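Read-outs: derived from the displayed coordinates by stated rules, not from any lab. Computed from a predicted model, the values in this text were never measured in an experiment. Note: ideal-geometry Cβ built from the backbone for every residue, glycine included; neighbour counts use all protein chains shown.
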Amino acid sequence: MIKETDPKKMYEAMKAQLANVVPDFELKLKAELAAEINRLKAEKNAVILGHNYMEPALFNTVPDFVGDSLELARRAAATDKEIIVFCGVRFMAETAKILNPGKKVLLPSEKAGCSLAASITADDVRELKRQFPGVPVVSYVNTYADVKAESDICCTSGNAVAVVNSLKTDRVIFIPDEYLAKNVAKETGKKIIFPTSDPRKKVETELDYQMVGWLGRCEVHDKFTVEDIRNVRKQFPDVVILAHPECSPEVIGAADYSGSTTAMIRYVEKTSAPRYLLLTECAMGDNIAVANPDKEMLRLCSVRCPHMNEITLEDTLEALRKEQFVIDIPEDILERAAQSVERMIAIG
Ligand code: 13P
Ligand code: SF4
């Protein structure tokens, strides 16, 4: 990370590191913003957490810690700073608040949502629990606090299999990502059913199954296809293809590796193929290219996460200046959601 607070030194440092991925005219403007954010961050005793999907000019300058959702949840749990600025999406900032009820947690844009988190409500979960009484609920961390409050334990893409295995029950409800659920079911050898997208409709609950899923999808990872993989392999036979577990099981099956955002970053670092293709938010390809200048990163940049892209250096500076947008969660929801998140953190 570039820790500069002087705009000129920040510009020089950014140019040395990011010239291949950020045009020079943008670098000048962004260097000023990043330097001011770093100055204000120290003045306000704030910590900035940055998800791996942040654009390179932000990712490499202002966060004190970067990582996947699990790592950032752990960082949030351990911080002693008074203010947490979350450069990621709302459910991640909510998780930081759940782990730090007494601290001010800021999300730089109110528009940074998530299609998975929006796919299920607390009412939906209560209805699932009514239909499948006694079956524990695992909720992907890509859910809002009220859904976490109705769950027994959370998981991320980095620990989903370990969390499901830790329950040691015959059956588990796994929400809301259809593909992640199918991928976990495959890895744990469990048969999965999707009762219906509307749990209030009558369903057959007598079937032989061990997992109950939900039909939520990530609007980004849903777009990658096996056809994309075939086309890229035709053109670049030596390419190594990495896919996030929110991609369909067919895409995961056709890829060479699947893992959380940080697991994919580590995979590229530790292996020595000449070129890689990431089936995930495109900015991460830029960030990996910056850190691994000897490796070629192919990108399918027509597929972007509009929510992660809402978080800019401009908005991060405004968030610190005006201390906006504050994450607020009603106390009863927060307390119950904390149990699910803390159970997950305890597992790893
Ligand atoms: P990670 O937990 O792998 O960082 O993924 C979060 C996410 O939203 C992926 O789309
Ligand atoms: Fe949500 Fe998908 Fe964006 Fe991740 S990439 S934040 S799952 S919409």
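The H on the amide N of Tyr140, modeled in the peptide plane, is under 5 Å from the matching H of Cys155, Ile175, Asp177, each at least 5 residues off or on a different chain. Overall size of region 253-348 from C-alpha positions, given as principal axis extents largest first: 51, 37, 22 Å. Residues whose amide H falls under 5 Å from that of Phe194, counting only those 5 or more places apart or on a different chain, are Gly213, with hydrogens built in the peptide plane.
When Rg and the Kirkwood radius Rh are both evaluated on Cα atoms of region 258-298, their ratio Rg/Rh stands at 0.89.
Using only DSSP helix segments of four residues or longer, with each worth -39500 (n - 2.57), what per-residue ellipticity at 222 nm results for the chain after dividing by its residue count and rounding to 500?
Details: 15 runs with 152 residues, N = 348.
Mean residue ellipticity at 222 nm (helix-derived): -13000 deg cm²/dmol.
Note on the chain: Cα-only Rg and Dmax are 20.4, 67 Å.
Computed over the Cα atoms of region 16-76, the ratio of the radius of gyration to the Kirkwood radius (Rg/Rh) comes to 1.01. Quick one: plug the Kirkwood hydrodynamic radius of region 176-306 (C-alpha pairs) into Stokes-Einstein at 25 °C, 0.890 mPa s, and report D in µm²/s. It diffuses with D of about 154 µm²/s by this estimate. About its Cα centre, the dipole of the chain is roughly 440 debye, where the only charges are +1 on Lys and Arg Cβ and -1 on Asp and Glu Cβ.
If you take the alpha carbon atoms of region 279-333 and fit the smallest convex hull around them, that volume is 143 Å³ per residue. By the combined test of axial Cα extent (at least 27 Å) and Kyte-Doolittle hydropathy (mean at least -1.0), the qualifying DSSP H helices of the chain come to 24-43. Cross-link partners of Lys223 among lysines, defined as those whose alpha carbon lies under 20 angstrom from its own and excluding same-chain residues fewer than eight positions apart: Lys182, Lys234. Per residue, the convex hull spanned by the Cα atoms of region 1-110 amounts to 91 cubic angstrom.
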